[in-house]
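The structure appears below as structure tokens.
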Amino acid sequence: MRSSRTKLVALLCPLLASLALLLPTVKNAEADYRGCRYQKPQAFLIRKNFMIGKQLDGKKANQAIRYRVERYGRVEGAPYEHLNEKTAYSHAKSMHFMGLPLLVHEKIAPALACVERRLKKDCTKSDERYRARAIGGFRTENSYRGAEVSNHLFGIAIDIDPNRNPCCGCVAPWPEHKACQGSAASVFERTELPRCWIDTFERYGFYWLGRDPQLRDTMHFEFLGDPDRILPD
């Protein structure tokens with residue numbers, strides 16, 4: 001009897017293994033690291049490329065808004081609502097980033113998982129270590145003035161520790177932050193975020209708004225890569 005069972009198990013194991021390969025895999029973007037492509041932010045989505053001083057270049061700005069609505073969902077009150085029947089917020093996904101709860105668009109969750117994995121692997125030197133204490137993602141109210149539409153409304157932007165990483169070009173009281181005072185050789189001196197963190201985000205299609213010559217928003221990262229190219233085929 002034992003010999004018969006042993007033979008049966010020996011026959012079934014390869015068969016079950018083959019069947020498992022045919023079953024659909026369950027995607028768990030916020031928990032499972034699956035690897036991501038390196039990519040750069042798309043130039044036409046970068047704020048400084050559609051701003052003329054404090055004025056929007058209408059044609060370029062509309063191109064950027066249209067792309068975001070088509071890829072991520074519509075935002076009530078923003079242009080091109082008719083291009084997507086679903087709101088961006090309907091794609092909100094709850095995840096954890098560096099131990100903190102975060103709500104973002106489901107499409108960029110894999111990219112953040114890759115950023116986290118790389119931060120824990122590469123940013124380990126004493127001058128590169130950083131512990132985030134507060135983080136924000138999706139918003140339902142616009143944080144820009146005028147016709148600008150914040151990437152927080154699409155769930156593709158996150159802010160890390162606003163009290164430690166100020167927006168020196170934003171409205172008061174941000175310009176009064178101690179990190180914004182006096183002269184500095186570069187914007188990297190205006191933030192507590194290590195250069196390793198900034199470089200890591202930018203590997204995976206995020207744009208650091210600290211590079212914006214007008215805002216110098218050092219807390220803010222926004223995904224401006226192609227969401228369809230985050231994961232390998």
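What list of ³J(HN,Hα) values in whole Hz, one per residue of the stretch 198-208 in order, does the Karplus curve 6.51 cos²θ - 1.76 cosθ + 1.60 (θ = phi - 60°) give from phi, with Gly and Pro shown as x?
Coupling constants for the stretch 198-208: 4, 4, 5, 4, 6, 5, 10, x, 8, 10, 8 Hz.
First check a/c for the stretch 27-229, with a ≥ b ≥ c the square roots of the eigenvalues of its C-alpha gyration tensor; if it is under 1.5, answer rounded, and if not, answer prolate when a/b is larger than b/c or oblate otherwise. Don't skip to the answer; put the middle values down first.
Details: a/c = 1.71, a/b = 1.09, b/c = 1.56.
Oblate.
Considering amide H positions built from the backbone, and no H for Pro or chain starts, which residues 5 or more places from residue 97, or on another chain, come under 5 Å of its amide H?
102
Enumerate the amide H contacts of residue 39 below 5 Å, restricted to partners 5 or more residues apart or on another chain; note that Pro and chain-start residues carry no placed amide H.
204, 205
Please turn the phi angles of the stretch 38-47 into ³J(HN,Hα) values with the Karplus equation 6.51 cos²θ - 1.76 cosθ + 1.60 (θ = phi - 60°), one per residue in order, whole Hz, x for glycine and proline.
With the stated coefficients, the stretch 38-47 comes to 6, 7, 9, x, 6, 4, 6, 8, 6, 3 Hz.
Relative to 2.2 N^0.38 Å, what does the C-alpha radius of gyration of the stretch 36-84 come to as a ratio? Two decimals please. All intermediate terms of the calculation are to be shown ahead of the outcome.
Details: Rg = 12.2 Å, N = 49, 2.2 N^0.38 = 9.7 Å.
Compactness ratio reported: 1.26.
Enumerate the residues in the stretch 194-233 having an amide nitrogen under 12 Å from the point lying 7 Å beyond the Cα of residue 122 toward its Cβ.
Of the residues in the stretch 194-233, 195-206 have backbone N under 12 Å from the label point off residue 122.
If r is the Cβ-Cβ distance from residue 140 to residue 71 and R0 is 30 Å, what FRET efficiency results, to the nearest 0.05?
Working: r = 19 Å, r/R0 = 0.63.
Once the sixth-power term is evaluated, E becomes 0.95.
What lysines does residue 59 reach when the alpha-carbon gap must be under 17 Å and sequence neighbours fewer than 8 apart in one chain are set aside?
48
How large is the Rg to Rh ratio of the stretch 137-220 when both quantities use alpha carbon positions and Rh follows Kirkwood?
Details: Rg = 12.7 Å, Rh = 13.3 Å.
Radius of gyration over Kirkwood radius for the stretch 137-220 works out to 0.95.
Could you derive backbone 3J(HN,Hα) for the stretch 64-70 from the dihedral phi with the Karplus parameters 6.51, -1.76 and 1.60 (θ = phi - 60°), listing whole Hz in sequence and x where the residue is Gly or Pro?
For the stretch 64-70, the Karplus curve yields 5, 5, 4, 4, 5, 5, 5 Hz.
If you count, for each residue, the other Cβ atoms within 10 Å and average over each peptide, how do 187-194, 128-135, 109-116 line up from highest to lowest? Walk me through the numbers before you get to the answer.
Numbers: 187-194: 17.8, 128-135: 14.1, 109-116: 23.5.
Result, highest mean Cβ count within 10 Å first: 109-116, 187-194, 128-135.
Give 40/60; 93/121; 93/125; 93/120 a once-over and call out the pairs whose C-alpha atoms are over 27 Å from each other.
Values: 40/60 19 Å; 93/121 25 Å; 93/125 32 Å; 93/120 22 Å.
Among 40/60; 93/121; 93/125; 93/120, the Cα-Cα distance tops 27 Å for 93/125.
Report the full-extension gain for the segment residue 48 to residue 214: residue separation times 0.36 nm, less the Cα-Cα distance, to one decimal in nm. Intermediate values should be presented prior to the final figure.
Details: separation 166, 0.36 × 166 = 59.76 nm, distance 0.80 nm.
In short, 59.0 nm is gained.
With 5 Å bins from zero, work out the P(r) of the stretch 84-159 over every alpha carbon pair and list the percent per bin.
3, 15, 22, 21, 16, 11, 7, 3, 1, 0
By per-residue mean of other Cβ atoms within 10 Å, what is the highest-first order of 91-97, 153-159, 63-69?
Values: 91-97: 17.0, 153-159: 26.1, 63-69: 18.9.
The packing order, highest mean first, is 153-159, 63-69, 91-97.
We did not get these values from a lab; they are worked out from the coordinates using the rules stated. What you see is a predicted model; the values in this text were computed from it and never measured. Heads up, the Cβs are rebuilt from the backbone with ideal geometry, glycines too, and the neighbour counts pull from every protein chain shown.
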